Amino acid sequence: MTTLAPWLIPAWKRLAADVAEGRLHHALLFAGAAGYGKRALARALAAAVLCTERNADGTACGHCRSCLLVAAGSHPDLVRVSFEPRDSDGKLRSEIIVDQMRALGARLAMSSQFGGLQIAIIDPADAMNPNAANALLKTLEEPAANTILLLVADDPSRLPATIRSRCRRVEMEMPTRDESLAWLRANGIAADVAASTLDASLGNPGLAATWIEEGALAVRKECAADLAALSAARAQPSAVAERWAADRPALRVWFAAALAREEARRIGEGKRGELGLTRAAEIPKLNAWFGRANRARGLLSTPLRADMVLLDLLRDWPARTASRG
């Protein structure tokens with residue numbers, strides 16, 4: 001199995017002890033920001049539960065029949081529920097629908113093919129629509145014997161309280177900067193690149209690794225240039241919104257929010273920000289815009305038009321009007 005990041009080890013030890021002692025809760029909620037490793041932890045747990053020759057630390061052996069089937073994605077007692085293609089055009093849905101939850105309930109009501117536990121991973125669980133969530137609730141209220149549900153959610157607040165209350169939440173230790181940098185270096189990333197990208201990700205090592213792989217720092221540079229241009233009235237919000245909507249809009253809004261927060265911090269320290277702002281009066285405006293940007297990022301996952309969400313946000317860029325005065 002893939003080696004877990006060091007900051008996941010405390011949570012893993014608790015889970016491994018539950019597996020070894022046969023007291024694993026029937027529904028676990030792996031919750032928290034994307035990038036900290038909850039999906040890797042859930043996959044490791046599923047593999048360990050199904051493994052017939054676990055290692056001393058409770059991890060899956062990686063070579064028994066069950067482990068080979070898990071690795072191949074064909075273990076009959078491991079069910080994965082995520083976005084499925086639409087019948088109309090074959091594109092992936094943006095939500096998990098009720099038919100998927102009903103099918104899951106029917107599947108878990110059947111006996112295990114290997115005679116042990118059945119595991120279901122629902123990811124992202126916070127993308128269930130209301131009808132799907134209600135269907136899952138029925139499964140949680142009357143769980144089938146020898147079944148374990150693993151729910152993975154970036155935003156658990158989107159799950160109904162009735163579902164959250166029936167799950168045991170899996171808490172993970174957040175990594176220190178040193179742990180994150182060491183992990184990035186261990187994955188072959190140069191020290192200077194690891195440090196700069198970790199700072200851009202607000203200390204999130206998983207996001208930093210993904211961004212390095214995808215060359216996302218170039219996008220951050222573009223966002224900084226666009227916001228600086230808005231500050232100096234050298235660009236129109238409509239033009240910037242159109243560009244952002246065409247290429248990874250959620251990522252651009254993330255960077256914009258982080259840039260706004262960093263700008264406010266630097267101004268508060270009496271320094272010139274990356275976006276060229278200097279006045280203390282901008283700090284509360286930037287902080288408010290940071291909140292609006294995070295809300296806009298959530299709206300980008302809805303049917304609303306991305307360009308209109310971005311236009312509404314960028315029109316309110318706080319330094320744009322102030323810089324003209």
Going through the range 180-215 in order, the residues found to be surrounded by fewer than 18 Cβ atoms within 10 Å (Cβ to Cβ) and assigned to a loop (DSSP other than H, G, I, E, B) are Asn187, Gly188, Ala190, Leu202, Gly203, Gly215
Of the candidates Val70, Val19, the one satisfying the condition of being without any contact (Cβ under 8 Å) to a residue 60 or more places away in the chain, part of a helix (DSSP H, G or I) and in contact with a strand residue (DSSP E or B) (Cβ under 9 Å, 6 or more places away or on another chain) is Val70
Of those in the range 232-268 that are of a type outside the set (A, V, I, L, M) and crowded, with 23+ Cβ neighbours inside 10 Å, the residue nearest to Ala34 (Cα to Cα) is Trp254
Among residues of the range 274-287 being buried (at least 22 other Cβ atoms within 10 Å of the Cβ) and assigned to a loop (DSSP other than H, G, I, E, B), the residue modelled with the lowest pLDDT is Leu277
Ala296 - would you say it is surrounded by fewer than 16 Cβ atoms within 10 Å (Cβ to Cβ), under 28 Å from the mean Cα position of the chain (by Cα) and closer than 23 Å to Ala33 by Cα? no
Among Ala71, Ala135, Ala120, the single one that is within 23 Å of Gly32 (Cα to Cα) and either surrounded by fewer than 19 Cβ atoms within 10 Å (Cβ to Cβ) or in the same structural domain as Gly35 (by TED's automatic domain parsing) (or both) is Ala120
Picking from Arg93, Arg107, Arg164, Arg102, the residue that is surrounded by 14 or more Cβ atoms within 10 Å (Cβ to Cβ) and over 22 Å from Leu78 (Cβ atoms) would be Arg164
Of the candidates Arg279, Arg243, the one satisfying the condition of being farther than 30 Å from Leu4 by Cβ, in contact (Cβ under 8 Å) with a residue 40 or more places away in the chain and of a type in the set (D, E, K, R) is Arg279
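Yes/no matrix, rows are residues, columns are (1) in a helix (DSSP H, G or I); (2) of a type in the set (D, E, K, R); (3) out of contact with any strand residue (DSSP E or B) (no Cβ under 6 Å at 6 or more places or on another chain):
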{"residue": "Cys61", "(1), (2), (3)": "no, no, yes"}
{"residue": "Ser74", "(1), (2), (3)": "no, no, yes"}
{"residue": "Ala103", "(1), (2), (3)": "yes, no, yes"}
{"residue": "Gln113", "(1), (2), (3)": "no, no, yes"}
{"residue": "Gly116", "(1), (2), (3)": "no, no, yes"}
{"residue": "Ile121", "(1), (2), (3)": "no, no, no"}
{"residue": "Lys138", "(1), (2), (3)": "yes, yes, yes"}
| task | Go through the residues of the range 308-320 one by one and say whether even a single one is within 24 Å of Leu207 (Cβ to Cβ) and modelled with pLDDT under 95. | result | yes
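The values are calculated or read from the model by the stated rules, or taken from the named source; none is laboratory data. The shown structure was predicted, so the numbers you read here are calculated from the model rather than taken from an experiment. Cβ: placed from backbone, ideal geometry, glycine included. Neighbour counts: every protein chain shown.
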